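The values are calculated or read from the model by the stated rules, or taken from the named source; none is laboratory data. It should be emphasised that the depicted structure is a prediction, and the values quoted were computed from it without experimental measurement. In this analysis, Cβ positions are derived from the backbone assuming ideal geometry, glycine residues included, and neighbour counts consider all displayed protein chains.
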Amino acid sequence: MSGNATHPMPDDELFYRLDGEKEVAEAAFSELYARYGGRVYAYCLRFLGNRDEAQDVYQETFIRFYECAKQEREMTNVPGFLLKIARNLCLNTRRNKKRTVEYEDYLTSVQPSSQEKTELLNLITTALDMIPSEYREVFVLREYQGLSYAEIAEVVDSSLSNVKVRIFRAKQKIRSILAPYIQEISE
């Protein structure tokens, strides 16, 4: 692919090249995959909480992304588009799978750690599992993916004010869930 190391090709140009000749398309896909693969996988893993499911959704995300390049479509935000595909696939996966493990069973399966930091991270993960998915989703996009409120609104197809409210409520719920544990750890 043409383009030198000091001036990488913009995402939208790479996206449009996915519909080109095989060699050009593969190079463009490899570059976009390298840029955003880690981010998409991390999102899927945080959303689903299961490595195997996250891996499946992650791979399906890039397959669908590649297929979308074959359609006539304007592309202005490649990472946002990838996360939107991943989000929809995660929602479908969650909808199609019923949770069979009770919350108490989950707690007993978590191996306790002697380090407070690890314990706190486990508590945060558990708290994320306990809040409603519409709050968890925007919280993960903001805190773990580092997206702006506007980017989150685009990914979840919601208003900016709705996104801000959901993030605020997610933080409130997580704080209230963690309060007793934080107090216990600090004593």
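Is there a residue in segment 8-15 that is modelled with pLDDT of 90 or more, under 28 Å from TYR135 (Cβ atoms) and of a type outside the set (Asp, Glu)?
Within segment 8-15, not a single residue is modelled with pLDDT of 90 or more, under 28 Å from TYR135 (Cβ atoms) and of a type outside the set (Asp, Glu).
Can you name the residue in segment 133-164 that is surrounded by fewer than 16 Cβ atoms within 10 Å (Cβ to Cβ) and in contact (Cβ under 8 Å) with a residue 24 or more places away in the chain and, of all such residues, is nearest to the chain's Cα centre (by Cα)?
TYR144
Okay, residues lined up against (1) at pLDDT below 90; (2) touching a Phe, Trp or Tyr at 6+ places or on another chain (Cβ under 8 Å); (3) more than 15 Å from ARG94 (Cβ to Cβ):
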position: TYR43; (1), (2), (3): no, yes, no
position: ASP56; (1), (2), (3): no, no, no
position: GLU60; (1), (2), (3): no, no, no
position: GLN71; (1), (2), (3): yes, no, yes
position: MET75; (1), (2), (3): yes, yes, yes
position: VAL78; (1), (2), (3): no, yes, yes
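Helices (runs of 4 or more DSSP H) wholly in segment 1-78 with at least 2 residues that are surrounded by 16 or more Cβ atoms within 10 Å (Cβ to Cβ) and either in contact (Cβ under 8 Å) with a residue 60 or more places away in the chain or over 24 Å from the mean Cα position of the chain (by Cα) (or both) - which ones?
Numbers: elements: 11-17, 22-48, 51-68.
Of the helices (runs of 4 or more DSSP H) lying wholly inside segment 1-78, those with at least 2 residues that are surrounded by 16 or more Cβ atoms within 10 Å (Cβ to Cβ) and either in contact (Cβ under 8 Å) with a residue 60 or more places away in the chain or over 24 Å from the mean Cα position of the chain (by Cα) (or both) span 11-17, 22-48.
Quickly run through segment 20-69 and pick out the residues that are more than 26 Å from THR125 (Cβ to Cβ), acidic (Asp, Glu) and in contact with a helix residue (DSSP H, G or I) (Cβ under 7 Å, 6 or more places away or on another chain).
Taking segment 20-69 as the starting set, the residues that turn out to be more than 26 Å from THR125 (Cβ to Cβ) are 20-35, 63-69.
Checking the rest, the ones that are also acidic (Asp, Glu) come to 21, 23, 26, 31, 67.
Selection gives GLU31 alone.
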